Amino acid sequence: MTRRGAMIARAIDRLRLMHDIRYAARTLRRRPILTAVAIASLALGIGANAAVFTVLKGVLLDAPRVSDPATLYSIFSTNDVSAELHRTSFENYRELRSGVPFETAAYAGIFVAVADESDRPAQLPAELVSNNYFRVLGVKAMYGRTFTTTEGTVDGEDPVVVISASLWRRRFNAEHAIIGKTISINIRPFRVIGVAPEGVGSISVARPVDLWIPTSMHKDALSGVDAFYFRVRSAPMFDLVARIPRRVTSVQLAYILRAQGAALAERYPLDDKGMQLSAIPLQQARLEPSRRAAWLRAGGLLASVVSLVLLIACANVANLLLARSIGRRREISLRLALGASRAQIARQLLAEAALLSAGGVVTGLTLATLSLHQLSAAPPIFMPSAFDVGLDIWTLSFAAGMGLAATLLIGIGPALYATGARAMSGIRGDEGVVPGMSRAAFSRGLVMIQSSLATVALILALLFVRSLLNAQRIDPGFRTDDLALVTFDLGMLRYDNVRGPEFVRQVNERVGAISGVVTSAVASHVVLEGPGLESNIRIRGRVTAEPMDVHAQAVGLNYFRALGLRLVSGRGFRASDSDSSQFGWAIVNETMAARLWPNQLAIGQQFQIAGIPEPYVVVGVVTDSQYESLGEKARPFFYIYYDQAPGLKKLTLYVRTSVPPATLLPAIEREIHAVDRRLPLTNLRTMKDVLAAATSASRAGSGLLALFGLIALALALIGTYGVTAFLVSQRNREIGIRIALGASQRSVLLPLVRWTFAPALLGIGAGALVTVSAGRWVTGLLVGLRADDPLSIALATLTLALSAGVACLLPARRALHLDPARVLRSDNG
C-alpha cells in the first residue's frame, strides 16, 4: 500500500470510530436508567480504587523531592539485643561516616520552641541533621544557602538554621530579608541562613519538618532523655541516609556494611555486640520498616476489597449489556443482513462499553477527589504527618487503565454473544425465544462470581467490625474515666534539673487547688501512644546475664493514684526518694517481677540501666496495664521516680477529676501558664480522646471495609435480581401457558428461583472457602479473633444467602400475577 493509501485508510478508520462513538452515545441516551446505573456502579468501583491507590502510592511509593532518589539508601542497624531494624546512635554514625567510601548523613526528628513577637514560643517540628545532610540529598536552598563543610563540626558553635518554605510563608510572611536574621529556638538565638525549596520536607513520610538544625547544636536543640543519650553509643536516635554511587553493586554495598558492623562490634563489644548494618532503598524506607509492614498488609487488604467491588460492578454492567443485547437482536440482525460485518457490530458494542467506562472514570475520579480533599482537611491520626494527598499523572493513568480493563470486562461478553451464531434470529421475528444456554450459562456464571466476591468482602467487613468491638472492650488496666492530660517540654525553655522539679511542684499545687481536681502527677510518656523510654538493663548479681530491652517511664508521686493502678507489694514512691542516694528507686510491673525473678521476692532486687552507673532497687510491684497500644501482650515494664530523673524534660500532666475532665482543661491551662506563660502546651485532652486515637486506625479501617462490603453486597444482589428478572421476562410465554394449564405456584416459582439461587449459593460457599484459606494474611490485623472466625463467616454467608433468596424471589413472584391471555396474545403478535 502506498503512503497516500495508508493515510486515507487511517482517515477512514478515524471516521468510522467517530461514527461508532456518536451512535453509541445516542443509543445510551435512549436508555438513561440503564446508562445511569451502569456509570454509577463503575464509578463506585473506580473511585474507591483511585482513592486507595493515591493514598498507598503517597505513603509507600512516592520518592522524596531530592536529586536522583534512586541512588539514596537508608542504613539500619541490628544487634544481639534487638534483631529488628532500628536507628543508629550518633557515635556509631560518626565512625561509619569516616569508614565507608560514600557519603552518609544523619537526621533525627525533634520538636523545638520558636518564639514569636509576643515572646511566647510555639512548638514546631524540626530535624537535627549532620552538616552534609543537604549535600547528600542534592538539595540546594531556594533562598540563601545550606550548611557548609565547616559548620556543625564543633559542639556549641554555628547556631545556624535552615527553615522550610512552608514556615517561611506562614510565620515570616515570605520575607526575603529573613536570610541573616536571628530567631529564638529553645530561647537560644539562631541565624537563618537559608530557605529550603517548595515541597522539600523530611525524607521520612512519618513526620513533618519546619527547621533543620546542625548536630553541633544538640545541647540547645535537645532536651531531657534525648540530650542525655545523644553521646551514648548504644542509643539508636538517628536515621542514616547514604548516596551510593551507581558503580557500587548491591553485593559490594553489603560487604562494606558487613565489614563496618563487624568492626564496630569488635571495637565496642559492650554497646555494639552482634552489630550488623543493612541498606534499603530510601523510597522503601521512608516509613520505618515495622510501620511500612503494617501499611503493606492493611493497604493490601483495602486494595483487595475495593478491587472486589470493581469486579462486582463490572459483572453487573456486563449482565446489563448482555440483557440489552438480547433485546436488540432485531436491530443487530437487520444490520448484519444489510451488509455490516460482525467485527463492526462488535466494535459498536465495545464503543458503548467504552463510553460507560469513560463515564465511570470521570465520575469515579470526581468522587475520589472529594474523598481525598476531605482526608486532607481532617487527616486521621494514623495517617503519616507529612503525607499530602492529591491526584497526579500516576493516579490518572491508573484510573484510565481501570477504565480500559472495565471496557474489556463489560464489553467482550455481550459483543461475542450478539455476533454469535444466533445473531440472525431477530430478523425472523423470534425475539421471544428463550435465549440459548451460552447466554444463560454466562449470566449464571457472573452471578456466582458476584456472590463469591461479595462474600469475601462481607466476611472481611464483619471480621474487622468485630475486631474493633474487641479492641474497644479491652481493659487497659487503668481508669480511663475522669482523666485530663496536658503535655509540655521544659527543655524548650532550658529548665535545668533544679528548676524543672520546682516547676512541676508548683504546677501540681496550683492544679490541685482547682475545684473538681482529685490529684495530679507528671509522667514522661502518654500511655497508648507508642513506646516510652527504651533501655537495656542488666540484672545485678548475674555475671553471665545478657542485656535485655525493657521499656520504662518516669512518674511523679501520685501517678499510680491518678491512673488507678494498684500496688501489689512493697511501697510507692516517697518525696524523700529524691534525696541524694547511691541507688535509684524503681517500681516494676507484675510481668517484670515474674520473668526476671521467678519464685523470688522482687522487692529489694537490683538492676542497672545502660548509661547510668548507679543501680536501681525495686521497692514495689504494681499491676500490669497496657502501655504502648491496646491489645498488646503483657510485657516487662518499670517506673522510676521523676524527681530522681529530672533530666527528663518532656512531660505529661495527668489530672484525676471528680467532674467531666474536659470542663477543667481551660483552668488547668491557665494555672500552668500562671507558673510560666512562655511554655508551649500541646495536646490538652482527656483520656477518652487518647483511647479514641488508639482505635482510630481500627475504626477507619472497619468503617471503610464495612462500607465497601455493603456496596459489594448491594451490587451482587442487584445483579442477581437483574438476571432473575431477565429470565422471567424471557420465559413469559412458558409461564403464561403453565399458569393457564393450572400449574401450582410452587411448580412455577421453584425453577425460576433455582435458576439463579443455585449459582448464588455456590458463589457464597466458594467465597467463604477463599476467605478461610487466605485468612493468615489478615489474622495479624485482627484483635481477639482469627480470620476463620465461625460467627463472622456464618453471619456473612447467612445474610448473603437470605438476600440472594429475596433477590431471586421478588421478580419470580411477579410472574404469578401474569394474565395468561394477555401474554399469549402479545407473544402471538
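If contacts are Cα pairs under 8 angstrom and at least 6 residues apart, what is the relative contact order of the range 195-296 in percent?
Rounded, it is 25 percent for the range 195-296.
Determine the per residue accessible area of the range 565-658 with all protein chains present and a 1.4 angstrom probe, expressed in square angstrom.
Heavy-atom SASA per residue in the range 565-658 reads 41 Å².
In Å and from the alpha-carbon atoms only, list the Rg and Dmax of the range 161-279.
Cα only, the range 161-279: 18.8, 53 Å (Rg, Dmax).
For the range 435-522, with every protein chain kept in place, what is the accessible area per residue (1.4 Å probe, Å²)?
Heavy-atom SASA per residue in the range 435-522 reads 38 Å².
Taking a cut-off of 19 Å, what percent of all Cα-Cα pairs in the range 223-277 are separated by more than that?
44 percent
Just subtract the alpha-carbon distance of Met142 and Leu798 from 0.36 nm times their residue separation and send over the number in nm, one decimal.
Difference between extended and current length: 230.0 nm.
Considering only the other residues whose Cβ falls under 13 Å of the Cβ of Phe90, what net charge follows from Lys and Arg at +1 and Asp and Glu at -1?
With Lys, Arg at +1 and Asp, Glu at -1, the neighbours total 0.
Can you give the FRET efficiency for Arg494 and Thr623, using 1/(1 + (r/R0)^6), R0 = 35 Å, r = Cβ-Cβ distance, to the nearest 0.05?
0.40
Where in the range 86-105 does the label zone of Thr153 land, with the point 7 angstrom along Cα→C-beta and an amide N cut-off under 18 Å?
Taking a point 7 Å out along Cα→Cβ of Thr153, the residues of the range 86-105 whose backbone N falls under 18 Å are 94-100, 103-105.
Rounded to whole Å and ordered largest first, report the semi-axes of the equivalent ellipsoid of the range 451-526 derived from its Cα gyration tensor (root of 5λ).
Over the Cα atoms of the range 451-526, the semi-axes work out to 46, 17, 9 Å.
Measuring from label point to label point, each 7 Å out along Cα→Cβ, what is the Lys181 to Lys57 span in nm?
The modelled label-to-label distance comes out at 3.9 nm.
Subtract the Cα-Cα distance of Leu404 and Asn683 from 0.36 nm times their separation in residues, and report this length gain in nm to one decimal.
Once the chain is fully extended between Leu404 and Asn683, it gains 95.7 nm.
If you add up the charges near Arg635, with Lys and Arg at +1 and Asp and Glu at -1, over every other residue whose beta carbon is less than 12 angstrom from its beta carbon, what do you get?
Residues near Arg635 contribute -4 overall.
Could you run the Karplus curve 6.51 cos²θ - 1.76 cosθ + 1.60 with θ = phi - 60° over the range 797-805 and give me ³J(HN,Hα) per residue in whole Hz, x for Gly and Pro?
Rounded to whole hertz, the list is 5, 5, 4, 5, 5, 5, 5, 5, x.
Taking H as built 1.01 Å from N, whose amide H comes closer than 5 Å to the amide H of Val518, not counting residues under 5 places away?
Answer set, sorted by chain and number: Arg656, Thr657, Ser658.
Rounded to a whole number, what % of the accessible area of the range 234-306 do carbon and sulfur atoms account for, probe 1.4 Å?
Heavy-atom surface of the range 234-306 belonging to carbon and sulfur, 1.4 Å probe: 57 percent.
Quick one: 3J(HN,Hα) in Hz for the range 145-155, Karplus 6.51/-1.76/1.60 with θ = phi - 60°, rounded, Gly and Pro as x.
8, 9, 6, 8, 5, 8, 7, x, 9, 10, 4
If you take the charge dipole of the range 208-285 about its Cα centre, with +1 on Lys and Arg Cβ and -1 on Asp and Glu Cβ, which of Ala265, Pro236, Ile213 is farthest toward its positive end?
The residue sitting most towards the positive pole is Ala265.
Based on the Cβ-Cβ distance of Ala40 and Ala758, what FRET efficiency does E = 1/(1 + (r/R0)^6) give at R0 = 30 Å, to the nearest 0.05?
0.55
Using the Karplus equation 6.51 cos²θ - 1.76 cosθ + 1.60 (θ = phi - 60°), what ³J(HN,Hα) coupling, rounded to whole Hz, does each residue of the range 393-404 give in order, writing x for Gly and Pro?
4, 5, 5, 4, 5, 4, 5, 5, x, 5, x, 5
Working out 0.36 nm times the residue gap between Arg31 and Gln506, then minus their Cα-Cα distance, what length gain in nm do you get to one decimal?
163.4 nm
Mind giving me the nanometre distance, one decimal, between the label points for Ser67 and Ile539, set 7 Å out from Cα along Cα→Cβ?
Going from the Ser67 label point to the Ile539 one covers 5.4 nm.
Taking the Cα centre as origin and putting +1 on Lys and Arg beta-carbons and -1 on Asp and Glu beta-carbons, what dipole magnitude results for the range 579-706, to the nearest 20 debye?
420 debye
Work out the length of the dipole vector of the range 145-250 about its Cα centre, built from +1 on the beta-carbon of each Lys and Arg and -1 on the beta-carbon of each Asp and Glu, and round it to the nearest 20 debye.
260 debye
Measure up Lys181/Lys649; Lys633/Lys688; Lys181/Lys650 against 26 Å on the Cα-Cα distance and list the ones that go over.
Lys181/Lys649; Lys181/Lys650
Please sort by residue number the trypsin sites (Lys or Arg not before Pro) in the range 664-731 whose DSSP state is loop and whose Cβ has at most 14 other Cβ atoms within 10 Å.
Arg677, Arg678
Provide, for q = 0.13, 0.14, 0.23 Å⁻¹, the log10 of I(q)/I(0) from a solvent-free Debye sum over equal Cα point scatterers in the range 138-195.
Values returned for q = 0.13, 0.14, 0.23 Å⁻¹ are -0.33, -0.38, -0.96.
Determine the per residue accessible area of the range 182-307 with all protein chains present and a 1.4 angstrom probe, expressed in square angstrom.
That works out to 42 Å² for each residue.
The values are calculated or read from the model by the stated rules, or taken from the named source; none is laboratory data. These numbers come from a predicted model, not from an experiment. With ideal geometry, Cβ positions are generated from the backbone for all residues, glycine too; neighbour counts draw on all protein chains shown. Only protein heavy atoms, including side chains, enter the accessible area calculation; ligands, DNA and RNA are left aside. Shrake-Rupley method; radii C 1.70, N 1.55, O 1.52, S 1.80 Å.
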